[in-house]
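*Asks:* This is the structure I want to talk about, given as structure tokens.
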Amino acid sequence: MLSYYKRNEIALTPILFLIPGVLFFAVYVIIPIFQSLSISFYQWDGLGEAKYVGLRNYSELATDRAFEISLWNNIKWLALYLLAIPAGLFIALFLNQNVWGIRLYKSMFFFPFVLSQVVVGLVFSWFYLPREGLLNGFLGLFGAGPINVLGDPTLATYGIIAAGLWPQTAYCMILYLTGLNAVDPEQVEAARLDGAKGPKMLWYVILPQLKPATFIAFVVTIIGALRSFDLISIMTNGGPFGRTRVLSFYMFEKALSEYGFRMGYGSAIAVVLFLIMLCFIAYFLWQMYQDEKAARR
């Protein structure tokens, strides 16, 4: 009888520890998701009475030019932000060595990760200044004219993405450095005896063992690209001419800024953004489940 109660106590302990986390997750994540979905069917200013309008907010999105620009900018963010993953991998491979001064190099590459996004935005805003900025000073050495990166509607989005890639690459580097510490040295040694080296060693021996780190890097990078807000707010505030808006920033403008207070329309944008994120994350989770299933066979 005593052993029976002991087994029940052991089984119950993890559940008791999980309950507070599950409650917080439900209150601050799950419930607001369903609230946003519900509000997206209403016309509401956040204070007065909400009026049910059905799918009108979503039909308006289909003809909203600003929403289209924001969506395309999110696609640009997503495509270019993924460059942080291979960049972080190659930096991690470079830093995963026992040479003199490697701790200093690791600190230098790690430094962007600890910076606030606001600080990163300010640093790159100064870097891009048309006259005093370091970028144009460097271009001037080669006789190139000054470029107003953040003032050019075609270049501004790419300039902000470049700023975001700096800390994101550092984050991916940390993930891969952690993963490289778990690489089986016996497999590496066996591959060397078989004559594998360079790209073959990386592709067939190292990368398969880095799948968990790669999965986390993909998920975090995709979420970071789709929810980008603070850099845009600091560097351009959506300009010039609204060309650097993304869905999260446009949602803020419509729902909460002084020009907005359209909670229903902002919630509709939030739902679209959530569904895009959900598609990517569900795909990666399914892919990882399939890999785990194949590994068990």
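Quick note: the coordinates plus some simple rules give every number you see, no bench work behind them. Bear in mind that the values here come from a model prediction, so they are computed numbers and not experimental data. For neighbour counting, all protein chains shown are included, and Cβ atoms are generated from backbone atoms with ideal geometry for every residue, glycine included.
*Asks:* Are there chymotrypsin sites (Phe, Trp or Tyr not before Pro) in the range 94-129 that DSSP marks as loop and that have at most 13 other Cβ atoms within 10 Å, and which are they?
*Replies:* Trp100
*Asks:* Next up: Please name whichever of Ser125, Ala255, Ile39 sits farthest to the positive end of the charge dipole of the range 35-296, dipole taken about the Cα centre and charges placed at Cβ: Lys and Arg +1, Asp and Glu -1.
*Replies:* Positive-end residue among those listed: Ser125.
*Asks:* With the cut-off at 1.5 for a/c, could you classify the range 1-147 from its C-alpha gyration tensor as rounded, prolate or oblate?
*Replies:* oblate
*Asks:* What's the center-to-center distance, using Cα atoms, between the range 146-188 and the range 189-237 in Å?
*Replies:* 10 Å
*Asks:* Just want the answer: with Cβ charges of +1 for Lys and Arg and -1 for Asp and Glu, which residue in Tyr52, Ala196, Ile15 is farthest toward the dipole's positive end in the chain?
*Replies:* Result: Ala196, furthest along the dipole toward the positive end.
*Asks:* By the gyration tensor of its Cα atoms, with a ≥ b ≥ c the square roots of the eigenvalues, what is the shape of the chain: rounded for a/c under 1.5, prolate for a/b over b/c, or oblate?
*Replies:* Oblate.
*Asks:* How high is the relative contact order of the chain, in percent, counting Cα pairs under 8 Å that sit 6 or more residues apart?
*Replies:* 27 percent
*Asks:* In debye to the nearest 20, how big a dipole does the range 35-296 give about its Cα centre with +1 on each Lys and Arg Cβ and -1 on each Asp and Glu Cβ?
*Replies:* It works out to roughly 240 debye.
*Asks:* Enumerate by residue number the GluC sites (Glu not before Pro) in the range 124-221 meeting two conditions: DSSP loop (anything except H, G, I, E, B), and at most 16 other Cβ atoms within 10 Å of the site's Cβ.
*Replies:* Glu132
*Asks:* Where in the chain are the helices, taken as whole DSSP H runs, whose Cα atoms extend 20 angstrom or more along the long axis and whose Kyte-Doolittle mean reaches at least -1.0?
*Replies:* Flagged H segments are 2-25, 65-81, 156-181, 211-226, 263-296.
*Asks:* Further question on the same structure: Which trypsin sites (Lys or Arg not before Pro) does the range 103-132 hold that lie in a coil by DSSP with at most 12 other beta carbons within 10 Å?
*Replies:* Arg131
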